[in-house]
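Below: the structure, in structure tokens.
The values are calculated or read from the model by the stated rules, or taken from the named source; none is laboratory data. If you're wondering where the values come from, they're calculated on a predicted model, not measured in any experiment. Heads up, the Cβs are rebuilt from the backbone with ideal geometry, glycines too, and the neighbour counts pull from every protein chain shown. In case anyone asks, the SASA skips ligands and DNA or RNA and just uses the protein heavy atoms, side chains included. Shrake-Rupley method; radii C 1.70, N 1.55, O 1.52, S 1.80 Å.
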Amino acid sequence: MADDPKKAVLTLAGKAVDMPVKSGTIGPDVVDITKLYAQTGAFTFDPGFTSTASCESKITYIDGDEGVLLYRGYPIEQLAEHGDFLETCYLLYYGELPTPSQRKDFEKNITYHTMVHEQMTRFYQGFRRDAHPMAVMVAVVGAMSAFYHDSTDINDPRQREIASHRMIAKLPTIAAMAFKYHIGQPFIYPQNSLSYAANFLRMCFAVPCEEYVANPILARAMDRIFILHADHEQNASTSTVRLAGSSGANPFACIAAGIACLWGPAHGGANEAALQMLTDIGDPSKVPDFIAKVKDKTSHIRLMGFGHRVYKNYDPRAKIMQKTAHEVLAELGIKDDPLLEVARELEKAALSDQYFIERKLYPNVDFYSGIILRALGFPTSMFTVLFALARTVGWISQWKEMIEDPGQKIGRPRQLYTGAPRRDYVPVTQRGK
Ligand code: CMC
């Protein structure tokens, strides 16, 4: 760094190049390297983007060392404690918490869009019954662009807004239908008089032959899980949505791309993998053996629900999840959940083990979420679907922010090429045996 705190100097092949340093409202400064290639002919190299800010954003802030997560400046703990998911959606999308009348209008707009085109219900029949619900989600959300043509013009702000409202409103319906199809039960239509979370629980667990009333404590827990997953800065799936959207692709296609990325076990698929891990361990007495396996690099076993690219401290969402897990289990009268015991023992063992301490590995949002979702009645295959449902508002808010940025360009990274240099074609008969 040069003496001037707002300027960095890079010396390459004896030539010094000045690069501006930009500051955000909080968080690390960034060195603006956009002119680096033009000035030096060199690229930067950062696979995995460990030191790269891919965009400017006003939506979500994370301080990984301190374990801080802010949505539009508001701490996640306050939103989870005092807010609800729909106002969190409004906040992420429009930038401010809604006034009472804005809230009323937003709620009306969202509930107006909760049903899906009736023809979409038949789209599900094309899937095998045993299809993973995430496979169904990728396909059905992608197919929304075939059903809602009137909101795919990304240059029209009103169409962008309608597409966004449609996705926030319809994702619970689409996710619940994926679940119902999976278990062979009839689809349940949305009920607009209910809250967002209670309506979702009803679409998942009601059957036409019985009355279903969502337990308010469980609906509140569901809502809180949605808040905790609503956005998380430039993670892999959000970056996927931005990259897909940077080419001008329609928003439904972009969100489908985000869902595909989220599915991976290093990202949203970790909640499913974490619960599977707790089930496989089965008993707190087996925790030391499991920890030993994780530390043995040749085993390639990871402690799922632990570690994070950004958090090098306790993930603030994990703390709220842990508290919510206790509330849900108490409400359901589950006194001794063996998986919760395994999780607690695992957390205790890992947090006092040098391997995890040195690498700053702490529980992340997925460590306790599976325990809650299982207690609510969801099979593991639905866990990542619920994550996708909640993250849709984050993806769509980030997509909107990108589209509305006047300097927006197609995302097009470069590479360090290590393949064969130029060589001439050899006819097949001259290539040896
Ligand atoms: N268990 C055991 N060792 C781990 C773990 C883990 N969960 N996570 C990281 N490490 C070790 C890793 O082996 C490496 O050790 P060494 O320096 O000896 O090679 C070191 O810690 C750094 O790991 P990394 O893979 O370079 O870190 P990363 O930032 O690329 O990975 C991560 C972040 C989330 C992919 C990783 O921690 C992980 O695989 N965790 C388990 C999966 C998980 O819970 N994912 C959910 C993330 S939160 C929700 C979401 O984003 O969707």
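Please indicate, with yes or no, whether at least one residue in the stretch 88-105 is part of a helix (DSSP H, G or I), acidic (Asp, Glu) and farther than 21 Å from GLN398 by Cα.
yes
Between residues in the stretch 293-317 that are in contact (Cβ under 8 Å) with a residue 24 or more places away in the chain and open to solvent by less than 70 Å² (accessible area, probe 1.4 Å) and residues that are within 6 Å of the ligand (Cβ to nearest atom) and among the small types (Gly, Ala, Ser), which pairs lie under 9 Å by C-beta distance while being six or more apart or on different chains?
Pairs that qualify, where the first residue is in contact (Cβ under 8 Å) with a residue 24 or more places away in the chain and open to solvent by less than 70 Å² (accessible area, probe 1.4 Å) and the partner is within 6 Å of the ligand (Cβ to nearest atom) and among the small types (Gly, Ala, Ser), are MET304/ALA270; GLY305/ALA270.
Just give me the residues in the stretch 305-339 being over 12 Å from SER369 (Cα atoms), within 16 Å of the ligand (Cβ to nearest atom) and part of a loop (DSSP other than H, G, I, E, B), in sequence order.
GLY307, HIS308, ARG309, VAL310, TYR311, LYS312, ASN313, TYR314, ASP315
Cβ-Cβ under 7 Å, sequence separation 6+ or interchain: first residue in the stretch 53-70 and over 20 Å from TRP399 (Cβ atoms) and touching a residue at least 40 places away in the same chain (Cβ under 8 Å), partner open to solvent by less than 50 Å² (accessible area, probe 1.4 Å) and of a type in the set (Phe, Trp, Tyr). Which pairs?
Matching pairs, first to second residue: GLY64/TYR311; GLY67/TYR311; GLY67/TYR314.
Provide a single number: the residues in the stretch 401-424 that are surrounded by fewer than 10 Cβ atoms within 10 Å (Cβ to Cβ) and farther than 20 Å from ARG160 by Cα.
Number satisfying all stated conditions: 12.
Could you please let me know if THR279 is surrounded by fewer than 19 Cβ atoms within 10 Å (Cβ to Cβ), hydroxyl-bearing (Ser, Thr, Tyr) and assigned to a helix (DSSP H, G or I)?
Yes: the conditions hold for THR279.
Cβ-Cβ distance below 8 Å, separation of 6 or more or different chains: which pairs start in the stretch 14-31 with a residue that is surrounded by 12 or more Cβ atoms within 10 Å (Cβ to Cβ) and end on one that is of a type in the set (Val, Ile, Thr) and in a loop (DSSP other than H, G, I, E, B)?
MET19/ILE33
Residues that are within 24 Å of ASP337 (Cα to Cα) and more than 10 Å from the ligand (Cβ to nearest atom): does the stretch 262-274 have at least one?
Yes: the stretch 262-274 contains one or more residues that are within 24 Å of ASP337 (Cα to Cα) and more than 10 Å from the ligand (Cβ to nearest atom).
Would you please list the contacts, defined by Cβ atoms under 8 Å and residues six or more apart or on different chains, that run from a residue in the stretch 218-240 that is farther than 15 Å from VAL365 by Cα and near the ligand (Cβ under 10 Å from one of its atoms) to a residue that is open to solvent by less than 10 Å² (accessible area, probe 1.4 Å) and modelled with pLDDT under 95?
From residues that are farther than 15 Å from VAL365 by Cα and near the ligand (Cβ under 10 Å from one of its atoms), the pairs are SER237/GLY268.
Scan the stretch 269-285 and report the pairs whose first residue is farther than 18 Å from VAL365 by Cα and whose second residue is part of a helix (DSSP H, G or I), with Cβ atoms within less than 6 Å and a gap of 6+ or a chain change.
Sorted first by the residue in the stretch 269-285, then by its partner, the pairs are ILE281/PHE290; ILE281/VAL342; PRO284/GLU341; PRO284/VAL342; PRO284/GLU345.
Among the numbered criteria (1) open to solvent by 50 Å² or more (accessible area, probe 1.4 Å); (2) out of contact with any Leu (no Cβ under 7 Å at 6 or more places or on another chain), which one does TYR61 miss?
Every listed condition holds for TYR61 apart from (2).
Could you check, for the stretch 332-348, whether at least one of its residues is out of contact with any helix residue (DSSP H, G or I) (no Cβ under 7 Å at 6 or more places or on another chain), within 23 Å of ARG220 (Cβ to Cβ) and among the small types (Gly, Ala, Ser)?
Yes.
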